[in-house]
1. Quick one: which residue in GLY679, GLY699, GLY637 is closer than 30 Å to LYS432 by Cα and either touching a strand residue (DSSP E or B) at 6+ places or on another chain (Cβ under 8 Å) or not assigned by TED's automatic domain parsing to the domain that holds GLN741 (or both)?
2. Scan segment 577-597 residue by residue and report those that are buried (at least 17 other Cβ atoms within 10 Å of the Cβ) and farther than 17 Å from ASN638 by Cα.
3. Which condition from (1) modelled with pLDDT under 95; (2) in contact with a Phe, Trp or Tyr (Cβ under 9 Å, 6 or more places away or on another chain); (3) crowded, with 18+ Cβ neighbours inside 10 Å; (4) charged (D, E, K, R) is the one that ASP421 breaks?
4. Of all residues in segment 539-594, which are small (Gly, Ala, Ser) and under 30 Å from ALA437 (Cβ atoms)?
5. Do you know which residues across segment 143-157 are under 52 Å from the mean Cα position of the chain (by Cα) and either of a type in the set (Phe, Trp, Tyr) or more than 12 Å from PRO104 (Cα to Cα) (or both)?
6. Regarding LEU752, is this residue out of contact with any Asp or Glu (no Cβ under 7 Å at 6 or more places or on another chain), in contact (Cβ under 8 Å) with a residue 60 or more places away in the chain and under 20 Å from TYR684 (Cα atoms)?
7. Please go through segment 453-467 and pick out each residue that is surrounded by 13 or more Cβ atoms within 10 Å (Cβ to Cβ) and either hydroxyl-bearing (Ser, Thr, Tyr) or out of contact with any Ser or Thr (no Cβ under 7 Å at 6 or more places or on another chain) (or both).
8. Do we have GLU374 as acidic (Asp, Glu) and exposed (fewer than 14 other Cβ atoms within 10 Å of the Cβ) here?
Amino acid sequence: MSKSLVVIGAQWGDEGKGKIIDILTEKADAVVRFQGGHNAGHTLVIDGDKTVLHLIPSGIFNDAKCIIGNGVVLHLPTLIEEIEYLESKGIDIQSKLMISSQCPLILPSHILIDEAREKSLGKNAIGTTGRGIGPVYEDKVARRALHVMDLFEKDLFKSKLTSLTAYHNFLLEELYESDGTDFEDTHKEWMGHFSKIKDLVVDSSKELNNLKLKQSNILFEGAQGSMLDIDQGTYPFVTSSSTLSGASSLGSGIGPLDIDGVLGITKAYATRVGSGPFPTEINDDYGKHMAKIGVEFGATTGRPRRCGWLDLVALRKAVNINSISQLCITKIDVLDGLDKILVAEEYEIDEKIYDTLPAMSQNRFERISPIYKEYKGWSGITSGLKSFDQLPTEANILIKGIEDSIGVPVSLISTGPDRNDMIVIDQIFSCKDIIIATGSSPFVPKGISCDGRTVFTSDEAVKLEWLPRWIAIIGSGYIGLEFADVYTALGCEVTMIEALENIMPTFDPDITKIAKKTLIQSRDIETKSNVFATKITPGCPVNIELTDATTKKITENLEVDAVLVATGRIPNSKGLNLGSVGIETSRGFITINDQMRVINDKKIIPNVYAVGDVTGKLMLAHTAAAQGVIAVENICGNSKEINYKTIPAATFTHPEISSVGLSENDAKEISKKDNFSLGIVKSYFKANSKALAELESDGMLKLIFNKDSGKVLGAHIFGLHAADLIQEVANAIARNQDVTQLATEIHTHPTLSEVVEVAYKQAAAQIK
C-alpha cells in the first residue's frame, strides 16, 4: 500500500468503500474521513455481523487511529450513537478516535431546512437524504457555521448559536412556512453532547503531519461517489461537498504532495440513489436481478437504489479527475448467472460521440444514448472466491476489458459482502513507464541438492559461519575463480570441477594459460574438466557423483567437506506475468535494444524498459547501473544508447583478470567480414618496474586492434591491478581512438600504466 492512499468512490456512491477500507486498514496506521456527513453510510460485514457506520471511519475495527477531518460536517447525536454502539462491541474509542476541532456542526435547524427545501421543490427535488448536509455547507461557505472548537468557548458558542438560530427560523417560518427550532433546547442538547466527545477533539492537521513525519501509512476514506461531486458531478443532482481525491488534502489538513496514490472503487455494474442523470439505468429483468441479488438499498436511508450497466464513460472521467492509479471492482458476484453483460463504452449526444463524460446542462443529460459493448455472461459462481485464477474465463475477459478501456489496472476484486470475500491481485502499480530490474539468482543444475551449509551457492557462501578443510567448486568461471582465490588464501584444499573441456573456458586462451600457473597450479588446486557433477548429496561428507561429459558414464564418486555451486546465474523473470503485456523471454532473459526498451519479435513494447542481469547483457553491477541511466534518459525524452563494447569486466582474484571489447575469436570473424587486417600485441608485467618493485610481475596485457585504421578493438589483462588498468583501454574504445595517437600519450613512471603504454607503442609500430 502507498504511504498515503486515498480511497474514493468512482460512481454515484454505494460502491462498497467501507469493506475495502476496513481491509486496507490492516496495513494502515491511521484512517481519515475527509468530507461529507451522516448522509453517507458504510456497511461492514465481519464474520456475518453487519455494522453500518455514518461518521466514524471504517477502520475503527482495526488497530489504526481513526480521524474525522475538518471537511466532515458533524451531527453530534449520530456520532455519539455510533460511539456508544461501538463501545458496546468492546471497541476502545477513547484511544482510537480523533475529531477535528474544525468540523462544522449540523444543528436541528439544518435538518428542518433540508426537509422543507426538498418538499418545496416538488418533482424537481434533488433527492437529498434530508440530513441537513447541504444547509450546513452553505453556512460554512457563508462564514456563519458553528464548529466543534466553538463548543470550548461557552459564551462564544451561545452567541453564535443565537444568531444562527434566528437566521434559520426566519428561513423556516417566512420562506418555507414551517416551524422553527427552540434555541434553549438546542443549546442544552448540544452542550450535553459536547461533554461526551470533548476529550476526542484534536488539531487534525497537526496530528496528520506528525504521522507523516513518522513515515506512517495513512488511509483517506472518501464518502459518496465522484459523480456526486459539487464541481465535477452531475450538477445539480450532487452532494454539497467535494467527493474527489483532491478533497482529501483540504478536508484533513495535509499537503497535496503528501498523497501517494488513489484507489477508485466501482461496482461491476452501476447504481444510484435518488434523483439525477443515470444514463445506463435499466428497469428490466437484468436490473431487477441486480437489485435483488445485490440487496440494493441505501445504507443510510433505506431507499431502493436504481440499477444499471457499468458506465465506463463516467468511470473514465472519475479516473481523470481523481488521478486514480488502481481500481477495485466490487459485487462481481451479483452478475453470476446472467447470460450477457453490457458495458457502456461511449455516449451519443446530439449525434456526437463521447468517450468521457462531458460537462453539460441538465437538459443534455436527458439526451444521452449509451453505446454498449456486450460481454458473455458466466454460469459459474464467483461468490466467495479468493483467487484470480478461480474466476470464470468470461469474468476474466470482462475485467481485462475494463482495464484496457480505462487504462487503469484492477488490483482488488470483491466477491461477496463479507470482508474475507476478496481477491487481492498483488504487486500491481499504475505508472507511465516501467523499468524491470529484477536481477538474477544462482543457477543450480538438476541433481544438485543445496542445504545452504554443506552445499551452497555464492549467495550463501558469503554468510557461511564455518570453514571447510576441503571444498569442491563446481564451475571455473569468474565466480568459481574468485572463491577459489579466497578459500586457498584461508588454507582450504580446493578442487575445481568444470563441465567443459578446459578450465577457465570463458577467458582469453593466452590469459588463461598464464593465469592458470599463478591462480591454480601454484596453489595446488586440483582440477577436473570435461566432467559433470550429476549428483551432489549434502551431508558430512558431501558426496559428488562425477560423469564423463563425452561418454555420459559415471567416472568417480568424490567425498569433500563442502561444495560451492558456481555454475552461473539465471534471470529473475518468472512470476512477473510478462506475457500479459506481450513480453516473451529467451531462456528467461528479457530482450532489449540499446535504449533499454523491451522488444518482442523486433517490435518495441511501449513504455517498458529492462536493465541489469534480467537482460543477460554483461551481467555485472556496473553494467546494470549504466543501463539504468540509459533507461531513465530515454524515459525523459533524451535518445541515448549503450555501447557494450566499452564496458569492462573484471575477476577479482590475486592478481586480477580483466577484459573489454572484442575477444580474439570475435575480432577475427569481424575482420574477415569487414575485410581489414587484425593486429594483436602482448605487453608483459615482468618488464614493468612498478610490478617488479611490488613483487607481482606475473602478468600480461593482450591488445587487439585494427591494423588498417589503428582503432582499438579489445584488451585482456592478467596481472596486478588489472581491473584498474583496463579502464584506460575501455576509454580508448569509447572515444574511438587509434593506437598511433595513444602511443604518443605520456604515462607516469614508474607506474603499472606503462604496461598499457608499451602495448600501444607496439601496436602503433605495426600500422602502415
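The values are calculated or read from the model by the stated rules, or taken from the named source; none is laboratory data. Please read all numbers here as calculations on a predicted model, not as lab measurements. Backbone-built Cβ (ideal geometry, glycine too); neighbour counts: all protein chains shown.
1. On inspection, the qualifying residue turns out to be GLY637.
2. LEU578, ILE583, THR585, PHE589, ILE590, THR591, ILE592
3. Result: ASP421 passes all but (2).
4. Result: ALA566, GLY568, SER573, GLY575, GLY579, SER580, GLY582, SER586, GLY588.
5. Hits for segment 143-157 are PHE152, GLU153, LYS154, LEU156, PHE157.
6. Yes; evaluated as a whole, the condition is true for this residue.
7. Those that are surrounded by 13 or more Cβ atoms within 10 Å (Cβ to Cβ) and either hydroxyl-bearing (Ser, Thr, Tyr) or out of contact with any Ser or Thr (no Cβ under 7 Å at 6 or more places or on another chain) (or both): ARG453, THR454, PHE456, THR457, SER458, GLU460, ALA461, LEU464.
8. In short, yes.
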